[in-house]
Amino acid sequence: MIVYLVRRFGQSLLAIVAMAILVFVGVYAIGNPVDVLINPEASQAEIAATTARLGLDKPLWQQFGIFVWNAAQGDLGTSFVYGRPALEIIVDRLPATMELALVALILSVGLGVPLGVWAGLRPESVAGRTIMGGSILGFSLPNFWQGMLLILVFAVLLGWLPAGGRGETVEVLGMRLSFLTLDGLSHLILPAINLALFKMSLIIRLARANTREVCLQDYVKFARAKGLSGRRVVMVHILKNIMIPVVTIIGLELGSMVAFAIVTETVFAWPGMGKLLIDSINLLDRPVIVAYLMLTVLIIVTINLVVDVIYSLLDPRIRLSEVKG
Amino acid sequence: MTDSIASDLEPVGTPAPARVDHPAKRVAKQFVEDPVAVVGLVLFLLVALVALLAPVLAPQNPYDLAQLDIMDGGLPPGEASFGTGMTYWLGTDTQGRDMVSAIMYGLRISLFVATVSLGLAITIGTVVGVTAAYFGGRIDSLIMRIVDLQLSFPAILIALILLALLGRGVDKVVLALVIVQWAYYARTVRGSAIVERRKDYIDAARCLALSDRRIMFRHLLPNCVPPLIVVATVQIAQAIALEATLSFLGVGVPITEPSLGLLIANGYDYLLSGRYWISLFPGIALVVTIIAINLVGDRLRDVLNPRLSS
């Protein structure tokens with residue numbers, strides 16, 4: 001077990017280092033880092049001072065050391081636009097993104113699993129076919145396009161829900177949250193649905209395929225033969241057994257939710273980290289871009305690590321095969 | 001079958017060669033059995049044809065400023081031009097650009113980016129995947145480590161990192177898509193090549209002392225093609241969607257060469273003010289293209305899946 005944990009932890013560290021090198025090479029080695037990292041409106045003296053502070057006059061490998069050292073201490077540069085530490089600005093926006101991602105995740109599981117089971121129980125019925133058709137559209141159509149259709153229908157044509165923004169927020173433990181106010185909730189619905197659709201389609205397909213498989217197993221036939229109600233067979237015997245792969249997917253997809261939120265936040269003007277990234281790219285605010293990328297990589301790598309470790313605790317075959325391989 | 005003595009006496013060494021169709025012919029035969037897939041294929045060919053012949057078919061060149069009339073800006077679908085009297089079937093954007101022409105040219109750029117990146121990614125992925133499977137050992141585990149590392153991050157995040165660093169441009173989008181996609185093909189090809197490698201015909205080829213390269217690309221590779229085709233049809237739809245997303249976010253193609261994604265983004269600002277056609281119609285073109293490819297891909301997957309056909 002410890003061998004597996006050490007090995008898995010090493011892989012995560014490697015992933016972070018690889019991404020740090022990629023970002024570092026992109027920012028420092030391509031083009032002049034002085035132009036990239038120092039505000040173009042800075043005076044000559046400021047430029048000289050910052051160049052010395054960042055060690056841009058040193059050889060490249062030493063610069064990489066300084067970059068990593070500063071990053072480890074949470075110093076990823078100062079935003080040109082806001083004049084505040086880049087990491088601080090990102091962390092300010094983190095709750096908005098996390099709120100959106102979590103609500104979307106709950107929606108995608110809460111709707112995806114029942115729909116998938118339904119389609120799996122009656123694969124040839126009209127409802128089953130409709131659900132499957134919808135799920136194909138759900139993950140083949142671009143996310144931003146689905147978001148725009150939602151806005152066009154529910155905000156422009158029907159006028160039921162607002163088209164963008166976050167609405168009224170409540171401060172809880174220092175974080176501003178939308179879902180506790182009615183206004184905030186109405187702003188949250190469309191973006192959350194938009195972000196959930198893709199994952200929901202995946203979960204529907206997974207739940208349907210697994211339901212079809214499980215239905216053929218002897219224990220389900222036996223449960224039916226015992227005369228258990230249809231509801232009990234579905235809720236206990238089928239649902240329990242399809243949840244194992246579904247839970248794995250949920251864990252792994254949580255990380256990509258954060259990345260996919262970039263698109264949804266841009267479409268709905270949701271003030272999270274993703275929208276900040278796109279704004280920063282357009283304004284060439286590179287310290288914020290670097291900070292966003294490093295933080296997101298850290299989040300995704302950590303989530304993947306946690307999921308893998310939990311999964312290996314639940315399923316001994318994984319850690320055993322890894323140690324042998 | 002008659003059990004006559006005469007048939008027993010027939011020479012056994014040379015049976016009449018059974019007629020075996022070329023695999024491509026067999027696949028084509030099975031493919032057309034599904035009418036939905038045929039509709040998808042026809043749609044896709046139409047879209048491809050429109051993209052290819054855009055300069056000939058389009059009523060105007062949407063990026064020749066001399067052909068644009070600012071007076072025609074923001075006309076709804078079906079209105080006629082104030083100057084030339086030409087009918088704008090899908091309306092115009094705010095600069096008086098005919099949306100039909102803009103969509104045709106946009107389709108051209110979208111498909112160009114997707115096809116070129118697909119070709120490059122397949123080539124790189126195939127070579128890497130076959131190499132990993134054939135040599136095995138350290139080379140294999142090193143390559144697969146890199147593939148796993150890359151696939152543990154969402155494609156859109158990697159593409160965004162690259163484009164944020166490189167800047168906008170058609171060539172840069174192609175590069176980003178290739179880097180994002182090669183790993184899928186490498187993994188697919190390696191997976192099937194590792195199974196094929198253990199078969200007798202590879203041993204036979206080795207016994208003939210053929211060069212590694214010849215065995216890899218003439219013997220091993222052709223047998224890994226079916227799963228590759230299936231992944232490619234899924235991936236080309238993904239590539240089109242990803243390019244559109246990147247362009248929509250403003251990090252993809254430049255304004256001078258707008259793909260469908262950028263057209264949608266340009267019209268997005270006017271969506272709330274009711275001028276839906278500027279972004280809705282490019283979006284429909286994008287959606288039709290993606291759905292058509294998916295229909296073809298779904299059928300190909302069924303036909304090429306050895307578990308279903310045998």
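If you project the alpha carbons of the range A:86-324 onto the principal axes, what extent comes out on each, in Å, largest first?
If we take the Cα atoms of the range A:86-324, the spans are 64, 54, 34 Å.
At a 1.4 Å probe, what is the % contribution of carbon and sulfur to the accessible area of chain A? Write down the numbers at each step before the final one.
Working: 10800 of 15920 Å².
Solvent-exposed carbon and sulfur of chain A make up 68 percent of the total.
Treating the angle as unsigned and between 0 and 90°, give the value, to the nearest 10°, between the Cα long axis of helix B:277-304 and the longest Cα principal axis of chain B.
Between helix and principal axis, roughly 10 degrees.
For the pair A:Leu137/A:Thr181, report the inter-label distance in nm, with labels modelled 7 Å from Cα in the Cβ direction.
3.4 nm
At a 1.4 Å probe, what is the % contribution of carbon and sulfur to the accessible area of the range B:62-154?
Values: 2800 of 4210 Å².
Ligands and nucleic acids excluded, carbon and sulfur give 66 percent.
Measuring from a point 7 Å past the Cα of A:Tyr311 along Cα-to-C-beta, which residues in the range A:221-263 have an amide N at less than 14 Å?
What the label zone holds, given the 14 Å backbone N cut-off, is A:244-256.
Charges on Cβ only, +1 for Lys and Arg, -1 for Asp and Glu, centred on the Cα centroid of the protein assembly as shown; of B:Leu149, B:Asn223, A:Gly26, which one is farthest towards the dipole's positive end?
Of B:Leu149, B:Asn223, A:Gly26, it is B:Asn223.
Could you compute the FRET efficiency for A:Thr302 and A:Glu168, with r as their C-beta to C-beta distance and R0 at 56 Å, rounded to 0.05? Walk me through the numbers on the way to the answer.
Details: r = 32 Å, r/R0 = 0.56.
The value I calculate is 0.95.
Name the most mobile residue of A:Glu265, A:Glu124, A:Glu168, meaning the one with the largest mean-square fluctuation, in a Gaussian network model of chain A with Cα contacts below 10 Å.
A:Glu124
Nearest 20 debye, what's the magnitude of the dipole of chain B about its Cα centre given +1 on Lys and Arg Cβ and -1 on Asp and Glu Cβ? Provide the component values of the computation, followed by the final result.
Working: 23 positive and 24 negative charges, 220 e Å.
Approximately 1060 debye in magnitude.
Where the accessible area of the range B:247-293 is counted over protein heavy atoms with a 1.4 Å probe, how much of it, in %, is carbon and sulfur? Walk me through the intermediate numbers first.
Working: 950 of 1470 Å².
Summing carbon and sulfur atoms, their accessible area is 64 percent of the total for the range B:247-293.
Once label points are set 7 Å from the Cα along Cα→Cβ at both B:Val39 and A:Leu216, what is their separation, rounded to one decimal in nm?
Result: 2.9 nm between the two label points.
In the range A:117-151, what residues drop by 50 Å² or more in accessible surface going from the chain by itself to the full protein assembly, probe 1.4 Å?
The answer is A:Ser140, A:Pro142, A:Phe144, A:Trp145, A:Met148.
Among the residues of the range B:236-256, which ones have their accessible area go down by 20 Å² or more when all the protein chains sit together, as opposed to their chain alone (1.4 Å probe)?
Residues losing area: B:Gln238, B:Ala241, B:Thr245, B:Phe248, B:Leu249, B:Val251.
Mind running the shape call on the protein assembly as shown? Use the C-alpha gyration tensor, a ≥ b ≥ c as the square roots of the eigenvalues: rounded below 1.5 for a/c, prolate if a/b tops b/c, oblate otherwise.
Rounded shape, in that the Cα axes give a/c under 1.5.
Going by a 1.4 Å probe on protein heavy atoms, which residues of the range B:257-277 end up with at least 10 Å² less accessible surface in the whole assembly than in their chain alone?
Buried-area filter returns B:Ile264, B:Tyr268, B:Leu271, B:Leu272, B:Tyr276.
Return one whole number: the accessible area per residue of the protein assembly as shown in Å², for a 1.4 Å probe. Mind showing how you got there, number by number?
Numbers: 31350 Å² over 635 residues.
Computed with neighbouring chains in place, this is 49 Å² per residue.
Normalised radius of gyration for the range A:85-135, please: alpha carbon Rg relative to 2.2 N^0.38 Å, two decimal places.
Working: Rg = 17.8 Å, N = 51, 2.2 N^0.38 = 9.8 Å.
The reported ratio for this selection is 1.82.
Output the 0 to 90 degree angle, nearest 10, between the alpha-carbon long axis of helix A:286-314 and the longest principal axis computed from the alpha carbons of chain A.
The two axes meet at around 40 degrees.
To the nearest 10 degrees, how steeply does helix A:126-140 sit against the main Cα axis of chain A, on a 0 to 90 scale?
That works out to roughly 10 degrees.
So for the protein assembly as shown, if I pair up every lysine 8 or more residues apart or on another chain, how many of those pairs have alpha-carbons under 30 Å apart?
10
If I model a spin label as a point 7 Å beyond the Cα along the Cα-Cβ vector, how far apart are those points for B:Asp200 and A:Arg122 in nm?
5.2 nm
Among A:Ser108, A:Ser186, A:Ser201, whose mean-square fluctuation peaks in a Gaussian network model of chain A (Cα, cutoff 10 Å)?
A:Ser186
Could you rank the peptides A:147-156, B:295-304 by their average count of other C-beta atoms within 10 Å per residue, with the highest value first? Display every interim value, and only then the final one.
Details: A:147-156: 18.9, B:295-304: 20.4.
The densest-packed peptide leads the list: B:295-304, A:147-156.
Would you work out the charge dipole size for the range A:86-324 about its Cα centre, treating the Cβ of every Lys and Arg as +1 and the Cβ of every Asp and Glu as -1, and quote it to the nearest 20 debye? Please list the in-between numbers first.
Working: 20 positive and 16 negative charges, 266 e Å.
Magnitude of the dipole: close to 1280 debye.
Rounding to the nearest 20 debye, state how big the charge dipole of the protein assembly as shown is about its Cα centre with +1 on each Lys and Arg Cβ and -1 on each Asp and Glu Cβ. Present the calculation step by step, with values, prior to reporting the outcome.
Details: 48 positive and 45 negative charges, 466 e Å.
Computed charge dipole of the protein assembly as shown: roughly 2240 debye.
What is the interface area between chains B and A, defined as buried accessible area summed over both chains with a 1.4 Å probe, reported in Å² to the nearest 100? Can you show the working numbers first?
Numbers: alone 17110 and 17530 Å², together 31350 Å².
Using a 1.4 Å probe, the pair buries roughly 3300 Å².
First measure r as the distance between the Cβ atoms of A:Met243 and B:Leu272, then evaluate 1/(1 + (r/R0)^6) with R0 = 30 Å and state the FRET efficiency to the nearest 0.05.
Numbers: r = 41 Å, r/R0 = 1.38.
FRET efficiency, A:Met243 to B:Leu272: 0.15.
Identify, among A:Phe260, A:Ile189, A:Ser125, the residue whose Cα sits farthest towards the positive end of the charge dipole of the range A:86-324, taking +1 on the Cβ of Lys and Arg and -1 on the Cβ of Asp and Glu, with the dipole about the Cα centre.
Result: A:Ser125.
The values are calculated or read from the model by the stated rules, or taken from the named source; none is laboratory data. For clarity, every value in this text was computed on a predicted model and none was experimentally measured. Because the Cβ atoms are built from the backbone with ideal geometry, glycine has one as well, and the counts that use them run over all protein chains shown. SASA here: full protein model, heavy atoms, side chains in, ligands and nucleic acids out. Shrake-Rupley method; radii C 1.70, N 1.55, O 1.52, S 1.80 Å.
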